[in-house]
Amino acid sequence: MNIAIVKYNAGNIRSVINAVKRLGVEPIYTDDANLLRNADRVIFPGQGEASTAMAYLREHGLVEVIRSLQQPVLGVCIGQQLLCRHSEEGDTECMGIFDVDVRRFRPERKEDKVPVMGWNTLTNLKTPLFKGLVPDEDHTAKTDGVTVNSRDPYAYFVHSYYCPLCEETIAQSHHILDYSAALHRDNFYATQFHPEKSGDVGEQILRNFLNL
């Protein structure tokens, strides 16, 4: 299988490359339009700042390349946010694959930390991207006023901005409010959390993506 990882001015790329390698696939790290269009799967990962990332993508002609992709595409972290319509970070117009605007977390209590850093549950999972992760029994409880299932999978998050719940939400998480932990539209999938840093859960999600 031919897996391409989008090359642009974003951090945390090496851990994604290594995660794909652990699944037995040697990915291509590239900004070449033909290589991206001809790949079996494309991963659009990274950590960074929305306005500078979009400026780089436009300058290098990658916005239209990514929009034109027909194979399964997985955005990760800022990759998810850049696939949305607009981001409050730098008042940035993004790619518009997902019809939702990215917003900044606004703390309501002293204990509401921003940025979000650490593990959190994934709930209301949909689509084959989460195959094998849906709890098969109900073990619900209230935590800080939020209903959680003790069998819900956990994933690793690092972010100050979030995608609100919308029609394209396929997984939820909670910090200050419920928000989209993952999105899906047509051949585009995206996660706010980092599968490559999420242990066995993240490995299963990446494996599911390769098997879509």
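The values are calculated or read from the model by the stated rules, or taken from the named source; none is laboratory data. Only a predicted model underlies this, so the values are computations on that prediction, with no experimental measurement involved. Cβ atoms come from the backbone with ideal geometry, glycine included; neighbour counts cover every protein chain shown. To get the accessible areas, we keep the full protein, side chains included, count just its heavy atoms, and leave off ligands, DNA and RNA. Shrake-Rupley method; radii C 1.70, N 1.55, O 1.52, S 1.80 Å.
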1/(1 + (r/R0)^6) with r = Cβ-Cβ of Lys110 and Gln47, R0 = 22 Å, i.e. FRET efficiency to nearest 0.05, evaluates to 0.25
Going by average Cβ density within 10 Å per residue, which order do the peptides 192-201, 107-116 take, highest to lowest?
192-201, 107-116
Please report the carbon-and-sulfur percent of the accessible area for the chain; probe 1.4 Å, protein heavy atoms only, DNA, RNA and ligands left out.
45 percent
Residues with amide H under 5 Å from that of Val116, placed H, sequence gap 5 or more
His159, Ser160
Kirkwood Rh, angstrom, the chain [1 / mean 1/r, Cα pairs]:
17.2 Å
